[in-house]
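Single-structure report; data block below.
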Amino acid sequence: YSRTLQISEPNEFDIMLVMPVERLQLDESDDTGAYYYLSFKRNPKEQYLLKFLDEEGRLSALKMLQALRKIIKQEVKNIKSAEVTVKRKKAGSPAITLQIKNPPTEISVDIILTLKVQQSWPRSTQDGLKIEEWMGRKVRTEFRNNSIYLVAKENKKEKVLRGNTWRLSFSHIEKAMMNNHGNTKTCCESDRPKCCRKSCLKLLKYLLEQLKMKHTKELEKFCSYHVKTAFFHSCVMWPKDTDWHLGDLDHCFQRYLGYFLDCLQESRLPHFFIPQYNLLSLEDKASSDFLSRAISNQWNNRFPIFQE
């Protein structure tokens, strides 16, 4: 596998544009526990946001994104050092994407509108983030004391898309878990034993990317977040650093992959922070089966995709 780990040059970046808000009223927009309607409690400090409320007094992601898009389009005109353009809006995508043409490669940057709210995490997260065995109870409490982050994201389940739903985001916590991934506090420090956790994640991400390139239509439902979520669950199932010895990459990767295949076969992958939210719903069973077969096929043939 080792060649694969120097994986292709990154050419896509995400930037969260964070707007602090003091308090918001969160109302679940469905049973996932991930999507919310946002409104203000009485006379908010953020008066400037009031013009983005819709008829029902809900904060409209759509209105905010339109305004932001306008500002960004204006600003981009002033950039002289590179050729930067704002890409046309993709349906259902909350991001504003900048295309930067500049040697050696072209890169795209997604700007994601994010609200940072200083209040405790909603009820749906209560039983999530089961990292006690892996990182300890204290770390879990520290993480949960962070603000809530919400990103502008349409909920596809809504009958009428009015552009006023927001989804919880935990990418700041995910990043912290990746950076400090050990069970002992010294895992992967310069003179300390190294583990293969990150390598396993990179490999499965790469495997999915390659399969998606080959079977774009069949696998459009899948994204790297599925792989990442399964990764965090694996870290919980095998919490010790000794479970992820660098020398055991082969074994560790296959164990993690086996778990991911189980998820696909059962159409069940609970969101790591919102356990009631299943990222593999039964209506996508056909694509789960397709991915499951494609992965098994790779595995049985000793991963030809890594040799390509």
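The values are calculated or read from the model by the stated rules, or taken from the named source; none is laboratory data. What you are looking at is a predicted structure, and each value in this text was computed from that prediction instead of being measured. With ideal geometry, Cβ positions are generated from the backbone for all residues, glycine too; neighbour counts draw on all protein chains shown. Protein only, heavy atoms only, side chains kept; ligands, DNA and RNA dropped before computing areas. Shrake-Rupley method; radii C 1.70, N 1.55, O 1.52, S 1.80 Å.
Ignoring ligands, DNA and RNA, what percent of the accessible area of the chain is carbon or sulfur (1.4 Å)?
Of all accessible area on the chain, carbon and sulfur atoms account for 51 percent.
Calculated [222 nm] ellipticity per residue, helices only, for the chain: -10500 deg cm²/dmol; basis is -39500 (n - 2.57) per DSSP H run with n ≥ 4, divided by all residues, nearest 500.
Against the globular-protein guess of 2.2 N^0.38 Å, express the Cα radius of gyration of region 184-307 as a ratio, rounded to two decimals. Could the numbers behind the result be given before it?
Working: Rg = 14.9 Å, N = 124, 2.2 N^0.38 = 13.7 Å.
Compactness ratio reported: 1.09.
Please give the FRET efficiency for TYR259 paired with SER108, using the beta carbon to beta carbon distance and R0 = 35 Å, rounded to the nearest 0.05.
Values: r = 32 Å, r/R0 = 0.91.
For R0 = 35 Å, the calculated efficiency reads 0.65.
Couplings 3J(HN,Hα) of region 237-253, computed from phi: 6, 10, x, 7, 4, 5, 6, 10, 3, 4, x, 9, 3, 3, 5, 5, 4 Hz, in residue order, whole Hz [Karplus 6.51 cos²θ - 1.76 cosθ + 1.60, θ = phi - 60°; x for Gly and Pro].
Give, to the nearest whole percent, the P(r) tail of the chain beyond 33 angstrom, counting all Cα pairs. The proportion of pairs with Cα distances above 33 Å equals 32 percent. What Kirkwood hydrodynamic radius do you get for region 1-180 when you take the inverse of the mean 1/r over all pairs of distinct Cα atoms, in Å? So the Kirkwood estimate lands at 18.5 Å.
In summary, the aspartates and glutamates within cross-link reach of LYS89, defined as a Cα separation below 19 angstrom excluding same-chain residues under 8 places away, comprise GLU12, ASP14, GLU75, GLU106, ASP110, GLU154, GLU220. In plain terms, the chain from LYS45 to LEU246 could stretch by 67.3 nm, reckoned as 0.36 nm per residue minus the Cα-Cα distance. Once the Cα-Cα distance is subtracted from the 0.36 nm per residue extended length, the GLN66 to ALA176 segment shows a gain of 36.5 nm. Extension gain, LYS217 to SER190: 0.36 nm times the residue separation minus the Cα-Cα distance gives 5.4 nm. In this structure MET237 has an accessible area near 90 Å², from a 1.4 Å probe over the protein heavy atoms. Reducing region 175-254 and region 82-114 to their Cα centroids gives an inter-centroid distance of 27 Å.
Ranking HIS245, HIS181 by solvent-accessible area of protein heavy atoms (1.4 Å probe, all protein chains present), from largest to smallest, gives HIS245, HIS181. Taking every protein chain into account, the accessible area of region 184-307 amounts to 49 square angstrom per residue (probe 1.4 Å). 3J(HN,Hα) along region 223-235: 9, 5, 5, 4, 5, 5, 5, 4, 5, 4, 4, 5, 4 Hz, from the Karplus curve 6.51 cos²θ - 1.76 cosθ + 1.60 with θ = phi - 60°, whole Hz, x for Gly and Pro.
Considering only DSSP beta bridges with both partners in the chain, what is the antiparallel share in %, to the nearest 5? Within the chain, antiparallel bridges account for around 70 percent of the total.
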